[in-house]
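Here the structure is laid out as structure tokens; the discussion comes afterwards.
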Amino acid sequence: MTLLEKIYLPAVLNGLMITLKHFFRKKATIRYPEVKRPFAPVYRGMHVLKRDENGAERCTACGLCAVACPAEAITMISAERKPGEEKLYREEKYASVYEINMLRCIFCGDCEEACPKEAIFLTNRLVPSEYKRKTLVFGKDLLVEPVEKEKRIDVTKRQTRKVLEFKKHKELQHNKLAVGSKQ
Ligand code: SF4
Ligand code: SF4
């Protein structure tokens, strides 16, 4: 080692220079929770179970989301739609119980990808923190979006180009109700 190296002066000065450089830079930290960073529109947060344009629940309890879920976070019980319930449920089969265990969920979005009915989407809403584990099993009361059109959850930004392209193919539009079907 040279004499300068032995007294560590260049290294100390170099360190001070780096500190000074960062001192005048724009701060990366924010004063959370007073200041919050905006989330990306495609942030994968709390799920929503969507309704169709008429307000009926889109989910047909096919179970594909539960099968696709790597964390086994989704459980459901299916039921058959009764006459007169056409306005409530879009298909003849619906989920009478639909639950997501938010403690298990890793917010991967696989359930959204797997759903053939565009019924489940992740949103940019955060799952609120809780003290009790069982309150983090979210049921339909928390997952299904409100009927009122102005309160619906907008998921248009989550629909990828691939999904939108897919919808253009009339012959593949399994999301549209068949002509003449009861509603
Ligand atoms: S986001 Fe992933 S882990 Fe969470 S429920 Fe959906 S598939 Fe399961
Ligand atoms: S959310 Fe979609 S994939 Fe899951 S059960 Fe309902 S229709 Fe099937």
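I need the peptides 40-49, 8-17, 112-121, 138-147 ranked by packing, meaning the mean over residues of other C-beta atoms within 10 angstrom, with the highest value on top.
112-121, 40-49, 138-147, 8-17
Only residues of region 98-116 count here: report those whose backbone N is under 19 Å from the spot 7 Å along Cα→Cβ of Ala40, or say none.
106-114
Report the Cys residues of the chain lacking a disulfide-compatible partner, meaning no second Cys Cβ under 4.7 Å from their Cβ.
Cys59, Cys62, Cys69, Cys105, Cys108, Cys115
Kindly flag which residue pairs out of Lys87/Lys140; Lys50/Lys157; Lys82/Lys134; Lys93/Lys117; Lys36/Lys134; Lys93/Lys157 have an alpha-carbon separation exceeding 23 Å in this structure.
Check vs 23 Å cut-off fails for Lys82/Lys134; Lys36/Lys134; Lys93/Lys157.
With N denoting the number of residues in region 114-173, provide Rg(C-alpha) divided by 2.2 N^0.38 Å, to two decimal places.
Dividing the Cα Rg of region 114-173 by 2.2 N^0.38 Å gives 1.45.
How big is the dipole moment of the chain about its Cα centre under a simple scheme where the beta carbon of each Lys and Arg is +1, that of each Asp and Glu is -1, and everything else is neutral? Debye, nearest 20, please.
Taking the Cα centre of the chain as origin, the dipole is about 760 debye.
How compact and how long is region 37-82, expressed as Rg and Dmax of its alpha-carbon atoms in Å?
Rg, Dmax (Cα atoms, Å): 13.9, 46.
Percent of alpha carbon pairs in the chain separated by more than 21 Å?
Summing the P(r) of the chain above 21 Å gives 61 percent of all pairs.
Between 0 and 90 degrees, rounded to the nearest ten: what's the tilt of helix 9-23 against the longest Cα principal axis of the chain?
40 degrees
With Cβ to Cβ distances under 13 Å as the rule, what net charge do the other residues near Leu13 carry (K, R +1; D, E -1)?
Result for the neighbourhood of Leu13: 0.
Read phi for every residue in region 36-42 and hand back ³J(HN,Hα) as whole Hz from Karplus 6.51 cos²θ - 1.76 cosθ + 1.60, θ = phi - 60°, with x for Gly and Pro.
10, 6, x, 7, 5, x, 9
Over the chain, what relative contact order in percent results from Cα pairs under 8 Å that are six or more residues apart?
24 percent
All other residues with a Cβ under 14 Å from the Cβ of Cys69 taken together, and with Lys, Arg as +1 and Asp, Glu as -1, what is their net charge?
Residues close to Cys69 contribute a combined charge of -3.
Readers should treat all values here as calculations from the given coordinates under stated rules, not as data from a laboratory. Please read these numbers as outputs of a predicted model, since none were measured by experiment. Ideal geometry is used to build each Cβ from the backbone, glycine not excepted, and the neighbour counts take in all protein chains shown.
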